[in-house]
Amino acid sequence: MRESMATIGGCVSYARRRLPVCEADLLVSRSLALPSSHLYAFEERAVAPAATERVVSTVARRVDGEPVAYILGERGFWGMDLEVTPDTLIPRPETETLVEVALPLIAANARVLDLGTGCGAVALAIAAERPHAAVTATDIDPASIALCRRNAGRLGLSVETRLADCFDGIEQRFDLIVSNPPYVDNDDVRLERGDLRFEPRRALLGGPNGGLDFLARLVGAAADRLVPGGWLCVEHGYDQGEAVASLFGEHGYRRIQGHRDYGGRPRVTVGMNGGYVADPEGRPS
Ligand code: GLN
């Protein structure tokens, strides 16, 4: 088997026997540090043993189910190349829906908070689209904050980062709060068997019985961190749309609207902070 991997073409066949063609070719080209066009143009060219070993181990990781984004250490999101590590979720296409829904609600110089930013995907997409906005990104995990900062630096985007558990220690108010929070049910079978197996539980688990505990905490607490008339914009599970809309309603949000992702599934809910502000005499103004 190894003999046949002495050339570029041999490595490609090895990978293609084990993986779908596009994944195989991508992983081989990265393992050999060659543009993918070279895989086809220089099939006969010899490959050093160390490079062959990289192909074998990379293919093995993928065969074991590890996401390509973790193997390559990067993922595209909103037209940006982001570094990703197993410390954070891999940004997903449905989270681009979150950005799409939030953007029209963000004025040029708005104050925006991305709560639970992970690798920084949402905060950085907003910073790229609204260069004059003041974008703050929080996360409970120091490694995620460091990763967000690296991504911001690489992309030349300006985002303020804060280490925080939900809103703890966040004093100021924002015009818009956006979040892709943990919302997977603690008992979701995908956590053991499926594509979620490699991602951090901290970023996924939303609680038992439906995965809505963190969303409930977030929706409740966000009202105090939004200006009157400010917007909350959250991602949630495809089957959580109604429950999330009810949470928004219970906490006095208005103009509550659900949005579907590119797969047609309910995925994002927005609402405007009710704007209830008690005056010094305690009357609602
Ligand atoms: N979108 C992920 C999934 O359900 C979950 C992401 C999250 O919990 N924020 O596969």
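The values are calculated or read from the model by the stated rules, or taken from the named source; none is laboratory data. In this text, all values refer to a predicted model and were calculated from it rather than measured experimentally. Cβ sites come from the backbone with ideal geometry, for glycine too, and all protein chains shown count toward neighbours.
A few remarks follow.
- Scanning region 216-240 for residues that are of a type in the set (D, E, K, R) and surrounded by 16 or more Cβ atoms within 10 Å (Cβ to Cβ) yields 217, 225, 235.
- In region 1-36, the residue that is farthest from residue 65 (Cα to Cα) out of those that are among the polar types (S, T, N, Q) and within 31 Å of the chain's Cα centre (by Cα) is 36.
- Just one residue in the set 189, 178, 159 is within 14 Å of the ligand (Cβ to nearest atom), at pLDDT 95 or above and of a type in the set (Val, Ile, Thr); that residue is 178.
- Restricted to region 107-144, and to residues there that are touching a residue at least 60 places away in the same chain (Cβ under 8 Å) and in contact with a Ser or Thr (Cβ under 9 Å, 6 or more places away or on another chain), the residue that is surrounded by the most Cβ atoms within 10 Å (Cβ to Cβ) is 114.
- Taken over region 92-109, residues that are out of contact with any helix residue (DSSP H, G or I) (no Cβ under 7 Å at 6 or more places or on another chain), part of a loop (DSSP other than H, G, I, E, B) and away from the ligand (no atom under 13 Å from the Cβ) amount to 3.
- One residue from 147, 155 being over 22 Å from residue 241 (Cβ atoms), surrounded by 21 or more Cβ atoms within 10 Å (Cβ to Cβ) and touching a strand residue (DSSP E or B) at 6+ places or on another chain (Cβ under 7 Å): 147
- Residue tally, condition aliphatic (A, V, I, L, M), assigned to a strand (DSSP E or B) and under 16 Å from residue 87 (Cβ atoms), over region 111-154: 1
- Qualifying positions in region 236-261 - more than 13 Å from the ligand (Cβ to nearest atom), outside any helix (DSSP H, G or I) and either acidic (Asp, Glu) or under 26 Å from residue 188 (Cα atoms) (or both): 258, 259, 260
- Condition check for residue 55 on (1) in contact with a Cys (Cβ under 6 Å, 6 or more places away or on another chain); (2) at positive phi: one failure, at (2).
- In region 1-91, counting only helices (runs of 4 or more DSSP H) that sit wholly within it, the ones holding 1 or more residues that are within 30 Å of residue 236 (Cα to Cα) and among the hydroxyl-bearing types (Ser, Thr, Tyr) span 68-72.
- Taken together, the criteria place residue 227 among residues that are closer than 27 Å to residue 111 by Cβ, away from the ligand (no atom under 11 Å from the Cβ) and among the β-branched types (Val, Ile, Thr).
- Among the residues listed as 112, 28, the single one being in contact with a helix residue (DSSP H, G or I) (Cβ under 8 Å, 6 or more places away or on another chain), away from the ligand (no atom under 16 Å from the Cβ), within 22 Å of residue 132 (Cα to Cα) and of a type in the set (Val, Ile, Thr): 112
- Criterion applied to 242, 235 was being in contact (Cβ under 8 Å) with a residue 60 or more places away in the chain and touching a Pro at 6+ places or on another chain (Cβ under 9 Å), and the one residue passing it is 235.
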